[in-house]
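Asks: Below is the structure I would like to discuss, written out as structure tokens.
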Amino acid sequence: MFIQFFSAGAEKLPPPDAELDALAQTLRRDVEVLAGEIGPRSLLDRPEKLSQAAHYIQSRMEGLGYPVDRQEYSAGGQSVVNLTVQRFGGNQAGQILLVGAHYDTVFGSPGADDNATGIAALLALAERFAQAQPSCTLRFAAFANEEPPFFHTQAMGSFVYAQRCQRRGESISAMICLESLGYYDPRPGSQQYPLPLGEEAPSEGNFIAFVSNEESEQLLRRAADLFGQTETFPRAAAALSEDVPGAAFSDQWAFWRQGYPAVMVTDTAMYRNPYYHTSNDTPDKIHWDHFARVVRGLEGVVRSLAN
């Protein structure tokens, strides 16, 4: 187990600049469409809304100039889709860096933080790399059915997709999972932790966390270091046993099952956000400045790993 906190306080953050403000506005627009205009998007009770979200994401990706690959499959007797776009690599084109997020929500929740923020970040990163010429192939994926009752089953969108990658013999050198990125609380006591974490850990929920299983520790350390080189923002890195509650609670789990190295980037969700998986997970709860800083830091991570 490896755990490290990088404790630059939020009060020490440099003032926002014009680029950051513009990024925050773009992120806000996508979150408000997904969690506000579309709202709860679960195959359980709102299959038409899940489909509407998929159409919105595809339209946004196509608007950035990407051809979209649709992986349709059946779950619970209904059709759902994973959406991917990519920039082919140069001298390392056979190596794939995959950035992914799920677009469904838990039953009854508009899912602003979980996980409209992940999709908004995915779209923002895809935009920044739309004209890039990376060394390795850079792929962006939006997954269906991360939430229960499909969570950790073979009908989970990322599991279906990771299986296809393995069957095709694709070499995914790194998978970065974007999971709940927009909720921050600087008050002491706002941050909780699962056992065995917590001792001497910050009690303020003002940081972004990089989380992996023990097999992906090398990728975890690299990603957290690259983030710190790009953006001044509090961060934590933890390579944990998959038995630690929360460590495997998103799409990175599916790629671990196929033997791929993967890291989740998260605001820690239920360990910080009191609105997690409720009807109150709405766009007004998102801290846009902090969210934009995290996405800008992730841009640096992706740029370095892709080259």
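Asks: Scan the stretch 61-70 and give yes if some residue there is in a helix (DSSP H, G or I) and among the aliphatic types (A, V, I, L, M), otherwise no.
Replies: Scanning the stretch 61-70, I find at least one residue that is in a helix (DSSP H, G or I) and among the aliphatic types (A, V, I, L, M), so the answer is yes.
Asks: List the pairs whose first member sits in the stretch 74-94 and is closer than 29 Å to Q131 by Cα and of a type in the set (S, T, N, Q), whose second member is part of a loop (DSSP other than H, G, I, E, B) and modelled with pLDDT of 95 or more, and whose Cβ atoms are under 8 Å apart, counting only residues at least 6 apart or on separate chains?
Replies: Once the first residue is closer than 29 Å to Q131 by Cα and of a type in the set (S, T, N, Q) and sits in the stretch 74-94, its partners that are part of a loop (DSSP other than H, G, I, E, B) and modelled with pLDDT of 95 or more give N82/A144; T84/V68; Q86/Y66; N91/S135; Q92/S135.
Asks: For the stretch 29-43, how many residues meet the condition of being surrounded by fewer than 23 Cβ atoms within 10 Å (Cβ to Cβ) and in contact with a Gly (Cβ under 7 Å, 6 or more places away or on another chain)?
Replies: Residues flagged as surrounded by fewer than 23 Cβ atoms within 10 Å (Cβ to Cβ) and in contact with a Gly (Cβ under 7 Å, 6 or more places away or on another chain) within the stretch 29-43 amount to 1.
Asks: List the number of the failed condition for F255; all other conditions in (1) surrounded by fewer than 22 Cβ atoms within 10 Å (Cβ to Cβ); (2) out of contact with any Asp or Glu (no Cβ under 7 Å at 6 or more places or on another chain) hold.
Replies: That leaves (1) as the condition not met.
Asks: Right, S59: hydroxyl-bearing (S, T, Y) and surrounded by 14 or more Cβ atoms within 10 Å (Cβ to Cβ) or not?
Replies: Spelling it out, it is not the case that S59 is hydroxyl-bearing (S, T, Y) and surrounded by 14 or more Cβ atoms within 10 Å (Cβ to Cβ).
Asks: Right, another one. I'm told R187 meets every condition in (1) buried (at least 22 other Cβ atoms within 10 Å of the Cβ); (2) over 20 Å from the mean Cα position of the chain (by Cα) except one. Can you identify the failing condition by its number?
Replies: That leaves (1) as the condition not met.
Asks: Applying the selection to the stretch 174-216, what residues are in contact with a helix residue (DSSP H, G or I) (Cβ under 6 Å, 6 or more places away or on another chain), within 26 Å of G259 (Cα to Cα) and not in a strand (DSSP E or B)?
Replies: S180, L181 - these are the residues of the stretch 174-216 that are in contact with a helix residue (DSSP H, G or I) (Cβ under 6 Å, 6 or more places away or on another chain), within 26 Å of G259 (Cα to Cα) and not in a strand (DSSP E or B).
The values are calculated or read from the model by the stated rules, or taken from the named source; none is laboratory data. Keep in mind it's a predicted model, so treat the numbers as computed, not measured. We place every Cβ from the backbone using ideal geometry, glycine too, and count neighbours over all the protein chains shown.
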